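What follows is a single structure, written as structure tokens, with notes after it.
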Amino acid sequence: MPAAWDDLLQGEELAYLTTQAPREPRLQPLPAGLHPELVEALSRQGVAQLYAHQAEAFAAVRAGGNLIVTTGTASGKTLAFNLPVLDSLATDPKNRALYLYPMKALAQDQSRALSELAVPRIRTAIYDGDTPAEQRPQIRKGANLILTNPDMLHIGVLPRHDLWADVLHNLRYVVIDEAHVYRGVFGSHVANVLRRLRRLARIYGADPQFIFASATIANPGELAHSLLGDAAVVVGDDAAPRAERTIALWNPELLDVELGLRASSLGDAARLLAAFVDRDLRTICFAKSRKAAELVHRMAADRVDSKTAKRLAPYRAGYTPQQRRDIERRLVEGELLGVSCTDALELGIDIGLLDCAISVGFPGTIASLRQQWGRAGRRGHGLAVMVASEDALDQYFMREPEMLLGRRVEAAILDHANPRVLDGHVAAAAFEAPIDDDDRATLGDEALERAPLIPELQHTRRGWVWAGKDYPAARTSLRSSTPDAFTVIDATTGSLLGIVERERAYSTVHTGAVYLHLGEQWLVRELDLLARHAIVEPFSGDWYTQVKKETSTDIEEPLRVERRLGLTLTFGRVSVTEQVVAYQRKSIRDQSTIDTVPLDLPVTTFDTEAVWYVPSARHLDGLEAMPTLLSSLHAAEHSMIALLPLWAMCDRWDIGGLSTNLHQDTGEPTVFIYDGHPGGVGIAERGFDQFEGWVADTVRMLEGCPCERGCPSCVQSPKCGNLNEWLDKAGALTLLGRMSKSR
């Protein structure tokens, strides 16, 4: 029987079409001995059996130890962690559980779901920055299931643990939902917060079990261990049913081969959204920015009749919980047919049964794409579409669909021992209780090694204690690896929008920059170097900015040196020196340069981790002359940076690079690719470990791109400090192709 969308998925734009077969559930009975009132509550919700992975998770928690559940979207992960926790609290209401969510909206969704389940003696409360002060003592005293976030735990709970003595003494479970979000700098900080929590719980006589829930990732056990410092059982065999799903890869019309210029991905997404809702198909469309989501909404509304247009809505950050609930209710009840939203909200949407999901551009990780596509087909046969942008990864997937659909998901990488991250938490831990040798079991050996190097710590008979006068946790932002970060302030309200590390501030929030935050565009009105803040205002223009900067690297310490692909490959520590000297305003429509504006900003230097390689004479045969040599190395660097996110869960903006025809430390032509965060968070080392596959992917991408000299879909980068000058696609392909064959 033909699907309702079959005749819409035709034409040159359709790059690939396939169908995933449906999957039947594997069920098991409810566990024996489950608390009768919990069984009754589940029965009211229509739950009489469990998926096999839910039963496996329950048994693992009952057996003791920690757990990570990593299964697909809509596979019942919430019940997998709720069941053992609710059973324990219903049996002994004095037990306590702490649930951590990366977004307040998710905590609100969970609180609502627990209230609807209505298990007797479960007293649920949200404790975050919005919780009124007068309610907080009662929550600490009376609630036995507290929902919060890592920031509140870091700033508001652990430093005031004396107020939380009863909670910590009776703490049995800590649930960390959406654990795959905790990667990079944020994840490295959260890993230290969890170690501090484990330590304080032990001081108060408790040894809680930690239960992680994650989207499907390549390294769930490693992620749980990295976050906690302790082993966790992995439950990853998804037993939930899956409806039949059609997958379409849609590539907008190519308008200019050499420039890589294509028709608007937003326009094509709006056309598909309008066509789907015209056929009464409930559809969600994910875009990368608020402006993009609203453009898709507006263009789709213009394509349908006025009655249907009223059944479309944008769904974005900034809505109140009541507005979010209203949109979700209207979708669930069928009153709304189409919603466009930003990627930033993919975690927090509780929208029930949908037919189609459209992703405008690759969202950065395969795990995120699968989460978005997992929204489709809740009522039966579903459709998932990715509409490609001109980005190199998007175009690579259009030409190599199996590299997207058949690929294992990425690994979530973090490094809790990065000294720039760790030191603030060692100081906070010393404020919470003296640090001694017994704390190696929770804080880790690295914390004890760093303690003597932190000026405000003083060694006493009780251990290392905080000798400062302020509040050390307040110094450390969980989203920055440097204490001297810049704050970003909304000029219209005076509110804090975000934090940018000093080393990145000059590139991203210089005066005149277009700054993107949670899918919204802002224009930087002023960067105050002394006050360390950027004043921004809402922006709706049709141009973006790109900086020109001068960069150099110095090798500080090689840590791993191997002979790989016929050359010397090194992973180690480097120092990166950068100076932003100008920026260009560029048209969103065709990437043409509007003007170039000089800047006078300080030089910055930061230490980080890098992978670097020195091609052999054989690799460079015929490429030795300048400028071919430099242009080939530069293009190879860009194209490899574009594809590193395939191997590590990161964004290309998390990665930096430098290529030179003669490096002062190696004395040879050298390509460096480094972590863009001070201290490094493991991204470069992941590239070192996966070097052969990484190079092979890059060769395939370059070979498949139809342009001759290089375009945004292969070697040009939106963040190039040299404004994409000196790039030789053919030379890069020759170099990397020879490397790939040198196994």
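This table checks each residue for (1) farther than 30 Å from Gln371 by Cα; (2) surrounded by fewer than 23 Cβ atoms within 10 Å (Cβ to Cβ); (3) not β-branched (Val, Ile, Thr).
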| residue | (1), (2), (3) |
| --- | --- |
| Thr78 | no, yes, no |
| Ala97 | no, no, yes |
| Met103 | no, yes, yes |
| Asp130 | no, yes, yes |
Open item on the list: Taking the conditions exactly as written (under 21 Å from Pro363 (Cβ atoms) and more than 22 Å from the chain's Cα centre (by Cα)), does Ser713 satisfy them or not?
Closed with: yes
- [ ] Could you tell me whether segment 118-125 includes any residue that is open to solvent by 10 Å² or more (accessible area, probe 1.4 Å), out of contact with any strand residue (DSSP E or B) (no Cβ under 6 Å at 6 or more places or on another chain), under 24 Å from His416 (Cα atoms) and not in a helix (DSSP H, G or I)?
- [x] no
Task: Answer residue from segment 472-520, given it is within 19 Å of the chain's Cα centre (by Cα) and open to solvent by less than 30 Å² (accessible area, probe 1.4 Å) and is nearest to Cys341 (Cα to Cα) among those - done: Gly519
Task: Unmet criterion (only one of (1) under 23 Å from Cys356 (Cα atoms); (2) modelled with pLDDT of 90 or more; (3) open to solvent by less than 10 Å² (accessible area, probe 1.4 Å); (4) not β-branched (Val, Ile, Thr)) for Ala429 - done: (1)
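Looking only at segment 528-541, decide whether some residue is touching a helix residue (DSSP H, G or I) at 6+ places or on another chain (Cβ under 8 Å), of a type in the set (Gly, Ala, Ser) and closer than 30 Å to Ser265 by Cα. Talk me through it step by step, then tell me what you get.
Of all residues in segment 528-541, those touching a helix residue (DSSP H, G or I) at 6+ places or on another chain (Cβ under 8 Å) come to 532, 534, 540.
After this cut, where a residue has to be of a type in the set (Gly, Ala, Ser) as well, the list is 534, 540.
Cutting the leftovers down to closer than 30 Å to Ser265 by Cα gives us 540.
Yes, the conditions are met somewhere in segment 528-541.
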TODO: State all residues of segment 676-697 that are touching a helix residue (DSSP H, G or I) at 6+ places or on another chain (Cβ under 7 Å) and either under 14 Å from Leu646 (Cα atoms) or of a type in the set (Asp, Glu) (or both); if no residue qualifies, say none.
DONE: Ile683, Gly687, Trp694, Val695, Ala696, Asp697
TODO: With the condition kept exactly as written, say whether any residue in segment 456-469 is of a type in the set (D, E, K, R), open to solvent by 30 Å² or more (accessible area, probe 1.4 Å) and farther than 21 Å from Pro159 by Cβ.
DONE: yes
TODO: Just need a number here: residues in segment 582-609 that are touching a Leu at 6+ places or on another chain (Cβ under 9 Å), open to solvent by less than 40 Å² (accessible area, probe 1.4 Å) and part of a strand (DSSP E or B).
DONE: 4
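When the residues of segment 197-222 are filtered to those that are assigned to a helix (DSSP H, G or I), over 21 Å from the mean Cα position of the chain (by Cα) and not charged (D, E, K, R), which remaining residue is surrounded by the most Cβ atoms within 10 Å (Cβ to Cβ)?
Here is the first cut: in segment 197-222, the ones assigned to a helix (DSSP H, G or I) are 197-203, 220-222.
If we keep only those that are over 21 Å from the mean Cα position of the chain (by Cα) as well, we get 197-203.
The next check asks that each one be not charged (D, E, K, R); those that pass are 197, 200-201, 203.
Details: Leu197: 25, Leu200: 21, Ala201: 22, Ile203: 17.
Out of the qualifying residues, it is Leu197.
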TODO: Considering (1) under 20 Å from Thr18 (Cα atoms); (2) open to solvent by 10 Å² or more (accessible area, probe 1.4 Å); (3) among the small types (Gly, Ala, Ser), say which one Ser389 fails and leave the rest.
DONE: (1)
Open item on the list: Given the options Ala300, Ala292, name the one that is farther than 25 Å from Ala3 by Cα, surrounded by 19 or more Cβ atoms within 10 Å (Cβ to Cβ) and of a type outside the set (Lys, Arg).
Closed with: Ala292
TODO: With the checklist (1) at pLDDT 95 or above; (2) in a helix (DSSP H, G or I); (3) not hydrophobic (A, V, I, L, M, F, W, C) in hand, flag the one item Gly267 doesn't pass.
DONE: (1)
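Yes/no per residue for (1) touching a strand residue (DSSP E or B) at 6+ places or on another chain (Cβ under 9 Å); (2) modelled with pLDDT of 85 or more:
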site	(1), (2)
Leu646	no, no
Arg652	no, no
His663	yes, yes
Val671	yes, yes
Gly731	no, yes
Thr734	no, yes
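I'd like to know if segment 441-459 contains one or more residues that are part of a strand (DSSP E or B) and among the hydroxyl-bearing types (Ser, Thr, Tyr). Steps first, answer last, please.
Filtering segment 441-459 for residues part of a strand (DSSP E or B) gives 457-459.
Narrowing the set further to residues that are among the hydroxyl-bearing types (Ser, Thr, Tyr) leaves none.
No, because not a single residue in segment 441-459 is part of a strand (DSSP E or B) and among the hydroxyl-bearing types (Ser, Thr, Tyr).
Do we find that Gly657 is out of contact with any helix residue (DSSP H, G or I) (no Cβ under 6 Å at 6 or more places or on another chain) and small (Gly, Ala, Ser) in this structure? Spell out how you get there, then give the answer.
Details: out of contact with any helix residue (DSSP H, G or I) (no Cβ under 6 Å at 6 or more places or on another chain): no; small (Gly, Ala, Ser): yes.
So Gly657 fails the test.
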TODO: Starting from segment 661-675, take each residue that is without any contact (Cβ under 8 Å) to a residue 40 or more places away in the chain and list its partners that are of a type in the set (A, V, I, L, M, F, W, C), counting only C-beta distances under 6 angstrom and pairs at least six apart or across chains.
DONE: Asn661/Leu629; Asn661/Leu630
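Can you tell me which residues in segment 567-581 are charged (D, E, K, R) and either open to solvent by less than 20 Å² (accessible area, probe 1.4 Å) or more than 28 Å from the chain's Cα centre (by Cα) (or both)? Explain how you work it out, then say what you get.
Just the residues of segment 567-581 that are charged (D, E, K, R), to begin with: 573, 578.
Answer for segment 567-581, where residues must be charged (D, E, K, R) and either open to solvent by less than 20 Å² (accessible area, probe 1.4 Å) or more than 28 Å from the chain's Cα centre (by Cα) (or both): just Glu578.
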TODO: Kindly indicate the residue of segment 610-660 that is closer than 13 Å to Tyr674 by Cα and among the aromatic types (Phe, Trp, Tyr) and also most open to solvent (accessible area, probe 1.4 Å) among those meeting that condition.
DONE: Trp653
TODO: Output the number of residues of segment 168-196 satisfying the condition of being open to solvent by 10 Å² or more (accessible area, probe 1.4 Å), more than 29 Å from Pro483 (Cβ to Cβ) and not in a loop (DSSP other than H, G, I, E, B).
DONE: 3
Open item on the list: Can you find a residue that is under 33 Å from the mean Cα position of the chain (by Cα), outside any helix (DSSP H, G or I) and not hydroxyl-bearing (Ser, Thr, Tyr) anywhere in segment 105-112?
Closed with: no
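For residues that are more than 24 Å from Val360 (Cβ to Cβ) and within 27 Å of the chain's Cα centre (by Cα), scanning just segment 528-541, find the one that is most open to solvent (accessible area, probe 1.4 Å). Full working, then the answer.
Step one: filter segment 528-541 for residues more than 24 Å from Val360 (Cβ to Cβ), giving 528-537.
Okay, now just the ones that are also within 27 Å of the chain's Cα centre (by Cα), so 532-537.
Working: Arg532: 93, His533: 44, Ala534: 0, Ile535: 26, Val536: 0, Glu537: 58 Å².
That would be Arg532.
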- [ ] All but one of (1) touching a Cys at 6+ places or on another chain (Cβ under 7 Å); (2) in a strand (DSSP E or B); (3) surrounded by fewer than 21 Cβ atoms within 10 Å (Cβ to Cβ) hold for Phe286, so report the exception by its number.
- [x] (3)
TODO: Identify the residue in segment 363-384 that is touching a Pro at 6+ places or on another chain (Cβ under 9 Å) and over 21 Å from Glu328 (Cβ atoms) and, among all such residues, is surrounded by the most Cβ atoms within 10 Å (Cβ to Cβ).
DONE: Leu369
Open item on the list: Residues to consider are Gly260, Gly229; find the one that is at pLDDT 90 or above and over 21 Å from Thr78 (Cβ atoms).
Closed with: Gly229
Open item on the list: Going by what's in this entry, would Arg585 be described as among the basic types (Lys, Arg) and either touching a Lys or Arg at 6+ places or on another chain (Cβ under 8 Å) or closer than 30 Å to Phe691 by Cβ (or both)?
Closed with: no
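Please verify whether Glu550 is among the acidic types (Asp, Glu), touching a residue at least 60 places away in the same chain (Cβ under 8 Å), open to solvent by 40 Å² or more (accessible area, probe 1.4 Å) and closer than 17 Å to Gly676 by Cβ, treating the condition exactly as stated.
Working: among the acidic types (Asp, Glu): yes; touching a residue at least 60 places away in the same chain (Cβ under 8 Å): yes; open to solvent by 40 Å² or more (accessible area, probe 1.4 Å): yes; closer than 17 Å to Gly676 by Cβ: yes.
So Glu550 fits the description; yes.
The values are calculated or read from the model by the stated rules, or taken from the named source; none is laboratory data. What you are looking at is a predicted structure, and each value in this text was computed from that prediction instead of being measured. Backbone-built Cβ (ideal geometry, glycine too); neighbour counts: all protein chains shown. We work out accessible area using only protein heavy atoms, side chains counted, and drop any ligands, DNA or RNA first. Shrake-Rupley method; radii C 1.70, N 1.55, O 1.52, S 1.80 Å.
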